[in-house]
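Input: a single structure, listed below in structure tokens.
The values are calculated or read from the model by the stated rules, or taken from the named source; none is laboratory data. In this text the structure is predicted, and so the values were computed from the model without any measurement. Counting neighbours? That spans all protein chains shown, and the Cβs are built from the backbone with ideal geometry, glycine included.
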Ligand code: FES
Ligand code: FES
């Protein structure tokens, strides 16, 4: 009596014209055994423990507890370990002042300060920022809810006075970056312009120096002349 094939393996065996007898069943069983043995030996070759076979693929989401200190406040969170600092700020802490422009470290719209140093928060994992002091545009002013220009950080006030923006999308990144530029300059950090101009000791923050040091922050509106004027004014300690 002929037996209808019910799996691909059995179809294969039928195609080999093996009679529907115990012999065919043996052949199917042998094929099944070899197939599963192949899976196991492949796992052994790539160094996976046998218990990993059938489990979630590497790179699957893993949530972990984290505390981020942002603008002087500790925020306990549970995050996917792959979350960028930018996404943690924007999506989990509702601090949307830092902008996502390229998400690839190319535009500077996401610039924040981490222990006083400027970073592209789209390129930093939130977990890498644990234990640091993070400052965003929301935490720069002298008071939590500024109502006058005098309440602002001097660099914020300078941008306001000098119209250092048009649409404003890049502005929070520009301002955070400028704050760090002034600190870097105070510390005597040099740029390529310092070397080219031969001023390698306490270089003056010329417009060329400002342009070079702010080069990581792109403004698609092209507000660069006013941005440079704002940074220049803030460096002189005046906002107008
Ligand atoms: S969004 Fe981070 S550099 Fe563009
Ligand atoms: S002000 Fe529009 S991108 Fe800079």
Handout entry: Conditions (1) assigned to a loop (DSSP other than H, G, I, E, B); (2) surrounded by 22 or more Cβ atoms within 10 Å (Cβ to Cβ); (3) in contact (Cβ under 8 Å) with a residue 60 or more places away in the chain: number failed by residue 106
Key = (2)
Handout entry: Hits in region 87-112 - residues which are away from ligand 2 (no atom under 16 Å from the Cβ) and out of contact with any helix residue (DSSP H, G or I) (no Cβ under 9 Å at 6 or more places or on another chain)
Key = 90, 91, 93, 94, 104, 105
Fill in the blank from the handout: How many residues of region 128-175 are touching a residue at least 60 places away in the same chain (Cβ under 8 Å), within 15 Å of ligand 1 (Cβ to nearest atom), surrounded by 20 or more Cβ atoms within 10 Å (Cβ to Cβ) and more than 14 Å from residue 70 (Cα to Cα)? The answer is 4
Exercise for the section: Return a yes/no flag: does region 44-59 have any residue that is at pLDDT below 95 and either under 18 Å from residue 127 (Cα atoms) or within 16 Å of ligand 1 (Cβ to nearest atom) (or both). Expected result: yes
Problem - One residue from 230, 235 being within 16 Å of ligand 2 (Cβ to nearest atom), within 22 Å of residue 119 (Cα to Cα) and surrounded by 19 or more Cβ atoms within 10 Å (Cβ to Cβ) - result: 230
Practice task
Kindly establish whether residue 67 is modelled with pLDDT of 95 or more, closer than 23 Å to residue 185 by Cα and either out of contact with any helix residue (DSSP H, G or I) (no Cβ under 8 Å at 6 or more places or on another chain) or not in a strand (DSSP E or B) (or both).
Solution key: no
